[in-house]
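Okay, so here's the structure we're looking at.
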Amino acid sequence: MSKSNFIFVTGGVTSSLGKGIVASSLGNLFKSRGYSTTILKLDPYLNVDPGTLNPYEHGECYVTKDGAETDLDLGHYERFLNIPTSQLNNVTTGSIYKSVIERERKGDFLGKTVQVIPHITDEIKRRILLLETQKKFQIIIVEIGGTVGDIESLPYIEALRQFKFERKNDVAVIHLTLLPFLSSTGELKTKPTQHSVKTMLQSGVQPDIIVCRTEHTLNDSVKQKIALFCNVDYNSVIESINAETIYEVPLLMLQQKLDAVVAEKLGIQKINRINNVIWKKRLKKFKDAEKELTIAIIGKYVELKDSYKSIYESLIHASAFLGKGILIKWIHSEKINSRNIANQMRDCHGVIIAPGFGGRGIDGKLIAVKYIRENNIPFLGICLGMQVAVIEFFRNVCGYKTAHSVEMNTETKYPIIDLMKTQIEVVDKGGTMRLGTYVCKLDKNSKCYDAYQNEYIEERHRHRYELNNDYAEQLVSHGMDLVGYHEDLNLVEIIEVKNHPWFVGVQFHPEYQSSFIQPHPLFTSFINASLLNK
Ligand code: GLN
């Protein structure tokens, strides 16, 4: 396969319209029709990657197999397409400038003035084309972050204009907009969409397809109006109505033939048949399931649910697979104390303690995990969640009352969680954690082995601290099993507590590897244990 087809997705009117979900849904449809598909996210901010961003800024930082810290939309791409992405799938303005400036320092521009056009736009186009040079993808979807008209987005829109000019029929452009509903007149308004398309036209880009986010069905006259004033075919005006779940969006887009319209623009003569039987069955099971289970997620960023996007979605995948509806109870770790914990946990059938960094909220997590351990509530501790479980056990079961993680207390006498040796010399914060996929060996006699049914597993990491092996024997002799480890690095990756129905802590992030079609075994296993706890 030499040439790929490119579908650009831009956004207008407001942010947060769900470009990522539309891009993922379209990718899902092409993939279900047998086209090899991938999605690239272009982020117009100056951070080199989101790894150093506070989750309150843009939500969770997603990690790819090859260890790139990326935008959370890549999580959607993987969950909808059931394929891994890589560092090539996320580009930020920061990373574009970084490479252009590095080349300038080397003298690569031979004395020329380095400018946004052509040097930055060339670099944007080069990054887009890198996915094509892999010769793996028939369809490459490119989601441009931000909203058309933003100053920061301009170089991307200009790069898109050039790309469309250079590759003509290999390119289709979808513009996602919002149709506000005026309740006083009972009307959907098209003017913001018209203005948004005009803004694109000022930059020389005519969208081929308009996808309209709306809370009400579009009638014919609204569609005709948008077609006429935005210069697109009538059948290229697609409604994107609020759905019950994001996993319904591919089917809603299919009903309106979004993929067929795009294929036609790309000159694909006869589109392949679709095979989405499993997806449809899974969705039905999910929608039919009664909410019979309450799972708590404890974290310090719960005000912004996107901070735990992949964990939330992994629970949905397990729920759809098992046909058991889940109610999620978000608990702020700073609001937990020893007086209210019993009440907080009263209706919870299972609890997850989320990943995180720094000391804020750590005491609440320690109180919670003690209660969970002593009261036999199924527990999944992820990364920091696992570390907290180890600290609590070491303090309250092994008796080292002042033990802590060096991350929270550099002076602790009993550093049960310690900085990894490879991290000691590390000074820079960006991209320097233990990142990406590592192999983990499981003990056959463990809950995790029962879940994975495999002795060797691969999971993605993002951390600097680890369980301190100096105390491994004490932990084990008091009833904590160290059931997963990295053989060469001699690192403990999974702990379980004996004499507890299901208490698992993992140093890695299983939530990065769950998809709607293929739920993660740890999550399904955790939900099954929580069902038994009803
Ligand atoms: N802050 C902890 C560490 O760096 C945990 C990180 C995480 O939860 N992702 O080891």
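The values are calculated or read from the model by the stated rules, or taken from the named source; none is laboratory data. Here the structure is a predicted model, which means the values were calculated and not measured. Positions of Cβ are backbone-derived with ideal geometry, glycine not excepted, and every protein chain shown enters the neighbour counts.
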Being modelled with pLDDT of 95 or more, over 21 Å from the mean Cα position of the chain (by Cα), within 16 Å of the ligand (Cβ to nearest atom) and acidic (Asp, Glu): is that true of residue 496 here?
no
Exactly one of these conditions fails for residue 94: (1) over 30 Å from residue 35 (Cα atoms); (2) in a helix (DSSP H, G or I); (3) out of contact with any Asp or Glu (no Cβ under 8 Å at 6 or more places or on another chain). Give me its number.
(3)
Of the listed residues (162, 138), the one being in contact with a Lys or Arg (Cβ under 7 Å, 6 or more places away or on another chain) and surrounded by fewer than 19 Cβ atoms within 10 Å (Cβ to Cβ) is 162
Tally time: how many residues in region 231-273 are of a type in the set (A, V, I, L, M) and part of a helix (DSSP H, G or I)?
11
Within region 452-483, the count of residues that are crowded, with 21+ Cβ neighbours inside 10 Å and away from the ligand (no atom under 16 Å from the Cβ) comes to 4
For region 384-429, what are the residues that are near the ligand (Cβ under 10 Å from one of its atoms), farther than 26 Å from residue 530 by Cβ and in a helix (DSSP H, G or I)?
423
It is to be established whether one or more residues within region 398-405 are in contact (Cβ under 8 Å) with a residue 24 or more places away in the chain and surrounded by fewer than 18 Cβ atoms within 10 Å (Cβ to Cβ).
no
Working only within region 82-108, note down all residues that are in contact (Cβ under 8 Å) with a residue 60 or more places away in the chain and within 25 Å of residue 314 (Cα to Cα).
82
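Name the residue, out of 437, 432, that is within 16 Å of the ligand (Cβ to nearest atom), closer than 20 Å to residue 520 by Cβ, within 22 Å of the chain's Cα centre (by Cα) and surrounded by fewer than 21 Cβ atoms within 10 Å (Cβ to Cβ).
437
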Looking only at residues that are of a type outside the set (A, V, I, L, M, F, W, C) and at pLDDT 95 or above in region 241-255, which one is surrounded by the most Cβ atoms within 10 Å (Cβ to Cβ)?
250
Looking only at region 499-534, and only at residues there that are more than 16 Å from the chain's Cα centre (by Cα) and among the hydroxyl-bearing types (Ser, Thr, Tyr), the one that is farthest from residue 81 (Cα to Cα)
530
Scanning region 329-367 for residues that are under 25 Å from the mean Cα position of the chain (by Cα) and small (Gly, Ala, Ser), which turns out nearest to the ligand (Cβ to nearest atom)?
356
Cβ-Cβ below 6 Å, separation at least six or inter-chain, first residue in region 338-365 and farther than 19 Å from residue 319 by Cβ and free of Cβ contacts under 8 Å to residues at least 40 places away in the same chain, second within 16 Å of the ligand (Cβ to nearest atom) and of a type in the set (S, T, N, Q): which pairs?
none
Got a sec? Which of 359, 381 is assigned to a strand (DSSP E or B) and among the small types (Gly, Ala, Ser)?
381
Quick test of your reading of the structure: residue 478 fulfils all but one of (1) touching an Asp or Glu at 6+ places or on another chain (Cβ under 7 Å); (2) touching a residue at least 60 places away in the same chain (Cβ under 8 Å). Name the failing condition by number.
(1)
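Filter region 336-368 down to residues that are within 27 Å of residue 410 (Cβ to Cβ), hydrophobic (A, V, I, L, M, F, W, C) and buried (at least 23 other Cβ atoms within 10 Å of the Cβ), then give me how many there are. Break it down stepwise before answering.
Going through region 336-368, the residues within 27 Å of residue 410 (Cβ to Cβ) turn out to be 336-338, 353-368.
Pick out the ones that are also hydrophobic (A, V, I, L, M, F, W, C) and you get 336, 353-354, 357, 362, 366-368.
Right, trim to buried (at least 23 other Cβ atoms within 10 Å of the Cβ) and you get 353-354, 368.
Number satisfying all stated conditions: 3.
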Candidates 308, 371 - the one that is among the hydroxyl-bearing types (Ser, Thr, Tyr), surrounded by 16 or more Cβ atoms within 10 Å (Cβ to Cβ) and over 28 Å from the mean Cα position of the chain (by Cα)
371
For residue 485, only one of the following conditions fails: (1) of a type outside the set (Gly, Ala, Ser); (2) within 29 Å of residue 247 (Cα to Cα); (3) at pLDDT 95 or above; (4) not in a helix (DSSP H, G or I). What is its number?
(2)
Being touching a His at 6+ places or on another chain (Cβ under 7 Å) and of a type in the set (A, V, I, L, M) narrows it down to one of 391, 377, so name that one.
391
Does region 49-58 include one or more residues that are in contact (Cβ under 8 Å) with a residue 40 or more places away in the chain and of a type in the set (S, T, N, Q)?
yes
Please identify the pairs in which a residue from region 463-474 that is of a type in the set (Phe, Trp, Tyr) has its Cβ atom under 7 Å from the Cβ atom of a residue that is assigned to a loop (DSSP other than H, G, I, E, B) and more than 7 Å from the ligand (Cβ to nearest atom), counting only partners at least 6 apart or on another chain.
465/406; 465/420
Hey, residue 370 at pLDDT 95 or above, touching a helix residue (DSSP H, G or I) at 6+ places or on another chain (Cβ under 7 Å), part of a helix (DSSP H, G or I) and within 16 Å of the ligand (Cβ to nearest atom) or not:
no
Considering only region 488-520, state which residues are assigned to a loop (DSSP other than H, G, I, E, B) and closer than 20 Å to residue 317 by Cβ.
502, 508, 509, 514, 515, 516, 517, 518, 519, 520
Among the residues that make up region 323-335, is at least one of them surrounded by fewer than 16 Cβ atoms within 10 Å (Cβ to Cβ), basic (Lys, Arg) and assigned to a loop (DSSP other than H, G, I, E, B)?
no
Of the numbered conditions (1) under 16 Å from residue 526 (Cβ atoms); (2) surrounded by fewer than 16 Cβ atoms within 10 Å (Cβ to Cβ), residue 316 satisfies every one except a single condition; which is it?
(2)
So which of 125, 31 ends up being basic (Lys, Arg), in contact with a helix residue (DSSP H, G or I) (Cβ under 7 Å, 6 or more places away or on another chain) and more than 30 Å from residue 461 (Cβ to Cβ)?
125
